[in-house]
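Engineer: Got a structure for you, questions after.
Computed from the coordinates by the stated procedures, all read-outs in this text should not be read as laboratory data. Since the model is a prediction, treat every value here as computed from it, not as a measurement. For neighbour counting, all protein chains shown are included, and Cβ atoms are generated from backbone atoms with ideal geometry for every residue, glycine included.
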Amino acid sequence: MRPKPGIETIQPYQGGKPIEEVQRELGISDIIKLASNENPLGPSPMALQAIQDAATQVNLYPDGNAYYLKQDLAAHVGVDPEQLILGNGSNEVLQLVGETYVSPSDEVIYSESAFVVYMLVAKVFGAKSIITPMDGYTQDLRAMADAITDQTRVIFIANPNNPTGTMVTKTETEKLMARVPDDVLVVFDEAYYEYVDRPDYPETLPYLHEGRNVIITRTFSKIYGLAGMRIGYGLAKPDIIETMNRVRQPFNCNLVAQAAARAALKDAEHVRRSQEINAAGKAVLYEELDQMGLEYVESEGNFILVHFDRPGDEVSDALMRKGVIVRPVAGYGFPNSIRVTIGTPEENERFVNGLKAVLGE
Ligand SMILES: Cc1ncc(COP(=O)(O)O)c(C=O)c1O
């Protein structure tokens, strides 16, 4: 059976290897996973309780409009519930952008070494990818603005970007937005929003309030520690949300995930601790990597791109045999690098010791 044009050029998404798979394949136990930018503290205890409570109701369909979660999120973010769409992870919201707005004759702009899902969305919906060069390790918003044509439909910006961890600034964003025509949708993918601690990080909500064609995506997968629940959201003006809702599957966010997300939102202390452990772990890892003489990219997220003088795949495989799963990133144009998620102090230590052993072997 022949698929739609373009589908055969798509490589299946390679996620971080699950712990169980490595256990099965290598026959080792005591494995840590620092490969998918998950929260090493786990979910909030409040979210865990909500998950248990909600489990008794899973004979029922969820509220397809997620009324209560939208109320809570709207108050938390500072928007109206009509400016919110929920997704099965923010990934689904990115996919919905494609389903709703991208046709085969369109051009979709994103940067090289940007989060892979933008390329997938462009390919699945048959659009032409316009891939702009990076400025060092950062997405070049001027190059993106220069790439806009009459065919441009969507611009995807990951801020911060995965796997580089770099962010684009407020000034760069303002300059881009001044050049974006009204029939182009700008997607600000802010999956790591809560980790960023820089004064020049752009607040994108004002674009929404000004009525610009933007969609901001955020997630419960990262700092809220709910990656396995699959729940994320998009923020946009009501007419965009209403249009995307026509395409969205009616029960795309399950009942347990909605309950978990509501509880997680209430646990500000867990978010604060997660920020703290990440900042502290980042400082420790920078110091250790410096001492090992390794180059890395300074990160605004909960992960670090680290460079080697040998293939990242090799480093990753050798670490895996020591029970430390990290992510090789050759597919992002970094054949000699890996991406490591910042873990607990114990996990970071295991990674560092494992890396020292691997590099000394
Ligand atoms: C930049 C970026 N955007 C979006 C996502 C999707 O996350 P989720 O679908 O779990 O919300 C990720 C996940 O790694 C990411 O790194």
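Engineer: Longest span of the chain, sites excluded, free of chymotrypsin sites (Phe, Trp or Tyr not before Pro) in DSSP loop with at most 14 other C-beta atoms within 10 Å?
Structural biologist: Details: sites that count: Tyr13, Phe251.
Excluding the exposed sites themselves, the longest stretch runs over 14-250.
Engineer: Can you tell me which of Leu235, Leu26, Leu94 moves the most in a GNM of the chain? Springs connect C-alpha atoms under 10 Å apart.
Structural biologist: Leu26
Engineer: Out of Tyr68, Gly323, Leu208, whose Cα points farthest toward the positive end of the dipole of the chain (charges: +1 Lys, Arg; -1 Asp, Glu; placed on Cβ)?
Structural biologist: Ranked along the dipole, the leading option is Tyr68.
Engineer: Then there's this: Can you tell me the FRET efficiency between Thr149 and Asn65 if r is taken as the Cβ-Cβ distance and R0 is 25 Å, rounded to the nearest 0.05? Walk me through the intermediate numbers first.
Structural biologist: Working: r = 37 Å, r/R0 = 1.49.
Once rounded, the FRET efficiency stands at 0.10.
Engineer: For the chain, modelled as a GNM with alpha-carbon contacts under 10 angstrom, which of Gln23, Gln291, Gln151 fluctuates the most?
Structural biologist: Largest GNM mean-square fluctuation: Gln291.
Engineer: Let me have the relative contact order for segment 45-266, percent, based on Cα pairs under 8 Å that are six or more residues apart.
Structural biologist: Details: 420 pairs, mean separation 66.6, N = 222.
Relative CO of segment 45-266 lands at 30 percent.
Engineer: Name the residues whose placed amide hydrogens come within less than 5 Å of the amide hydrogen of Thr152, ignoring near sequence neighbours (fewer than 5 apart) on the same chain.
Structural biologist: Glu107
Engineer: In bins 5 Å wide, starting from 0, what share of all Cα pairs of segment 196-246 does each bin hold, as a percent?
Structural biologist: Calculated over all Cα pairs of segment 196-246, the distribution is 5, 17, 20, 19, 20, 14, 4, 0 percent.
Engineer: Out of all DSSP beta bridges with both ends in the chain, state the antiparallel percent to the nearest 5. If you can, show how the numbers build up before the last one.
Structural biologist: Working: 19 of 38 bridges.
For the chain, the DSSP antiparallel bridge percentage is about 50.
Engineer: For a quick check: with amide H placed at 1.01 Å from N, whose amide H comes under 5 Å from Val214's, ignoring anything fewer than 5 positions away on the same chain?
Structural biologist: Excluding prolines and chain starts, which carry no amide H, the hits are Val186, Lys237.
Engineer: Hey, for a label at Glu210 modelled as a point 7 Å past Cα toward Cβ, could you say which residues of segment 58-81 have their backbone N under 15 Å away?
Structural biologist: Taking a point 7 Å out along Cα→Cβ of Glu210, no residue of segment 58-81 has its backbone N under 15 Å.
Engineer: Using the Cα centre of the chain as origin and beta-carbon charges of +1 (Lys, Arg) and -1 (Asp, Glu), tell me which of Tyr110, Leu41, Phe125 is placed farthest towards the positive end of the dipole.
Structural biologist: Farthest towards the positive pole: Phe125.
Engineer: Along its principal axes, what span do the Cα atoms of segment 213-311 show, with the longest given first and each in whole Å?
Structural biologist: Answer, in whole Å and largest first: 53, 30, 24 Å.
Engineer: Given points 7 Å out from each Cα along the Cα-Cβ axis, report the Lys175 to Glu269 separation in nanometres with one decimal.
Structural biologist: About 4.5 nm separates the two model spin labels.
Engineer: Over all directions, what mean area does the Cα convex hull of the chain project, stated in square nanometres?
Structural biologist: Numbers: hull surface 75.2 nm².
For the Cα atoms of the chain, the hull's average projected area reads 18.8 nm².
Engineer: Quote the charge dipole size of segment 13-115 about the Cα centre in Debye, to the nearest 20; the model charges only the Cβ of Lys and Arg (+1) and of Asp and Glu (-1).
Structural biologist: Values: 4 positive and 15 negative charges, 61 e Å.
Here the size comes out at about 300 debye.
Engineer: Using a Förster radius of 41 Å, what is the FRET efficiency between Glu314 and His76 based on their Cβ-Cβ separation? Nearest 0.05, please.
Structural biologist: Numbers: r = 44 Å, r/R0 = 1.06.
Plugging the Cβ-Cβ distance into 1/(1 + (r/R0)^6) gives 0.40.
Engineer: Using +1 on the beta carbon of Lys and Arg, -1 on that of Asp and Glu, and nothing else charged, what's the dipole of segment 45-266 about the Cα centre, debye to 20?
Structural biologist: Working: 18 positive and 27 negative charges, 99 e Å.
Once rounded to the nearest 20, the dipole reads 480 debye.
Engineer: Determine ³J(HN,Hα), in whole Hz, for all residues of segment 219-230 in sequence, where each value follows from phi through the Karplus function 6.51 cos²θ - 1.76 cosθ + 1.60 and θ = phi - 60°; x replaces Gly and Pro.
Structural biologist: Here the 3J(HN,Hα) series is 8, 8, 7, 9, 5, 7, x, 10, 4, x, 7, 6 Hz.
Engineer: Write down the Kirkwood hydrodynamic radius of segment 1-93, to one decimal in angstroms, obtained as one divided by the mean of 1/r over all alpha carbon pairs.
Structural biologist: Details: mean 1/r = 0.0560 Å⁻¹.
Hydrodynamic radius (Kirkwood, Cα only) of segment 1-93 equals 17.9 Å.
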